[in-house]
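Working notes, structure below.
The values are calculated or read from the model by the stated rules, or taken from the named source; none is laboratory data. Keep in mind that this is a model prediction, so the values were computed, not measured. Note that each Cβ is placed from the backbone with ideal geometry, even for glycine, and that neighbours are counted across all protein chains shown.
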Amino acid sequence: MSEFRSLFRVELGAHHLRPGRTRHRLKDASGLHDFPPFKALEICSTSTGGGFYLMYEPETGHGTDTWHQTLDDAFHQAEWEFGVIRNEWKETDRPYS
C-alpha cells in the first residue's frame, strides 16, 4: 500500500491572491457550491510516485486537489493561482492528514 505524504506546505496570507485565479467548486445533493476560502496549500505525493497533488485546504470543511506531473508543475500552479513564490514553501516530509 502506498503512503500519501506531504512534502511542502504554505499558509496563505494577505499578500496572496485570495480567492485566487481559479474557481474551485463542489457539487453535492443540494447543488453547486464554491469552496470556502483556502487557508493553506500542501504538495503531496505517494510512495509509489506518479505525480504530485496540490492540496487546497479551506478555512472550514473538506478541500480539493489538483494533480501535476512534476513538482515544478505544482509549484507553478500555486504561483500562478495564488502568487505563492518558491521560497515561501516549508518542507514537511510527513504523512498527509
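How many residues does the range 10-36 contain that are assigned to a loop (DSSP other than H, G, I, E, B), free of Cβ contacts under 8 Å to residues at least 40 places away in the same chain and farther than 21 Å from Tyr96 by Cβ?
Within the range 10-36, residues that are assigned to a loop (DSSP other than H, G, I, E, B), free of Cβ contacts under 8 Å to residues at least 40 places away in the same chain and farther than 21 Å from Tyr96 by Cβ number 6.
Look through Glu11, Glu42 and report the one residue that is charged (D, E, K, R) and surrounded by 15 or more Cβ atoms within 10 Å (Cβ to Cβ). Can you show your working first?
Working: Glu11 fails: surrounded by 15 or more Cβ atoms within 10 Å (Cβ to Cβ).
When all the criteria are applied, what remains is Glu42.
Pairs please, first residue from the range 38-61 and farther than 20 Å from Leu17 by Cβ and assigned to a strand (DSSP E or B), second anywhere and at pLDDT below 95 and of a type in the set (Lys, Arg), Cβ atoms under 8 Å, 6+ apart in sequence or on different chains.
Taking only residues 6 or more apart or on different chains, the pairs are Cys44/Arg5; Ser45/Arg5; Thr46/Arg5.
Ser30 versus (1) polar (S, T, N, Q); (2) under 12 Å from the mean Cα position of the chain (by Cα); (3) more than 21 Å from Leu71 (Cβ to Cβ): which is the lone unmet condition?
(2)
Scan the range 75-94 and tell me whether some residue there is modelled with pLDDT under 95 and within 14 Å of Phe8 (Cα to Cα).
yes
Of (1) touching a residue at least 24 places away in the same chain (Cβ under 8 Å); (2) surrounded by fewer than 12 Cβ atoms within 10 Å (Cβ to Cβ); (3) in a helix (DSSP H, G or I), Trp80 satisfies all except one. Which?
For Trp80, the failing item is (2).
Sort through Gly50, Gly20 and tell me the only one that's touching a helix residue (DSSP H, G or I) at 6+ places or on another chain (Cβ under 8 Å) and at pLDDT below 90.
Details: Gly50 fails: touching a helix residue (DSSP H, G or I) at 6+ places or on another chain (Cβ under 8 Å).
Matching residue, one of Gly50, Gly20: Gly20.
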